[in-house]
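As structure tokens, the structure follows; a few thoughts come after it.
The values are calculated or read from the model by the stated rules, or taken from the named source; none is laboratory data. Everything numeric here is computed off the predicted structure, so don't read it as measured data. Every residue, glycine as well, gets a Cβ built from its backbone with ideal geometry; the counts of neighbours run over all protein chains shown. Accessible surface areas use protein heavy atoms only, side chains included; no ligands, DNA or RNA. Shrake-Rupley method; radii C 1.70, N 1.55, O 1.52, S 1.80 Å.
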Amino acid sequence: MNPAFMKEAIKLAQDGMRNEIGGPFGAVVVKDGKIVGKGCNQVTSSNDPTAHAEVVAIRDACNNLGTYQLEDCEVYTSCEPCPMCLGAIYWSRVKRVFFACNHKDASAIGFDDHFIYQEIELPLEDRHIPFAPLMREDALTVFHEWKEKEDKKHY
């Protein structure tokens, strides 16, 4: 745990917000005591709803390290990750996350993701955005091909 890395994440959040890049969120990815990825929220400036600070920092770190897995890395983020960022963190395989503000702090300024957690628990047909299965058997043929593929890259 290194407060200097959290200070950098908070600075990225503030700079991004002040420069109209996006909301007040910043993150860094650290490996072996060095920052290898940085990000601030870029949702509004990039017209990309997935451009949250953690996702931007993970993409930057993966690009800089030439890998899609960050097993030996830590994430420092100015706010507790939302469900999407939580998923990205788990998929990237980072070993630890440090956060400053929590989800209640984010909710208090208009960034409430509690409804997403509620939606996950609902049956598909009861979700706010309806989800319906379609052409599963056709898509399963691709999964079967992947299962048999001998030269696949596991991740």
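Values for this structure:
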{"read-out": "Subset of segment 1-36 (residues that are within 19 Å of L65 (Cα to Cα) and surrounded by fewer than 23 Cβ atoms within 10 Å (Cβ to Cβ))", "value": "F5, K31, D32, G33, K34, I35, V36"}
{"read-out": "Number of the exception - P81 against (1) in a loop (DSSP other than H, G, I, E, B); (2) open to solvent by 70 Å² or more (accessible area, probe 1.4 Å)", "value": "(2)"}
{"read-out": "Qualifying residues in segment 104-155 (those that are touching a residue at least 60 places away in the same chain (Cβ under 8 Å) and under 24 Å from Y90 (Cβ atoms)) - the one nearest to the chain's Cα centre (by Cα)", "value": "F111"}
{"read-out": "Test: residue in segment 89-107 that is under 22 Å from D15 (Cβ atoms), open to solvent by 30 Å² or more (accessible area, probe 1.4 Å), in a helix (DSSP H, G or I) and in contact with a strand residue (DSSP E or B) (Cβ under 8 Å, 6 or more places away or on another chain)", "value": "yes"}
{"read-out": "Hits in segment 43-58 (condition: under 20 Å from M6 (Cβ atoms) and open to solvent by 20 Å² or more (accessible area, probe 1.4 Å))", "value": "H52, V56"}
{"read-out": "Every pair of residues 6+ apart whose Cβ atoms lie under 6 Å, when the first sits in segment 5-28 and is on the phi < 0 side of the Ramachandran plot and β-branched (V, I, T) while the second is at pLDDT 95 or above and open to solvent by 80 Å² or more (accessible area, probe 1.4 Å)", "value": "V28/K38"}
{"read-out": "So T67, is it of a type in the set (V, I, T) and under 23 Å from Y117 (Cα atoms)", "value": "no"}
{"read-out": "Pick from segment 125-139, criterion among the charged types (D, E, K, R) and within 15 Å of F115 (Cβ to Cβ), ranking: least open to solvent (accessible area, probe 1.4 Å)", "value": "R127"}
{"read-out": "Per-region count, segment 13-43, residues farther than 15 Å from A100 by Cα and assigned to a helix (DSSP H, G or I)", "value": "5"}
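Table: residues versus (1) aromatic (F, W, Y); (2) out of contact with any Phe, Trp or Tyr (no Cβ under 6 Å at 6 or more places or on another chain); (3) farther than 24 Å from Y155 by Cβ.
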position	(1), (2), (3)
F25	yes, yes, yes
N41	no, no, yes
S45	no, yes, yes
C79	no, no, yes
F98	yes, no, yes
F111	yes, yes, yes
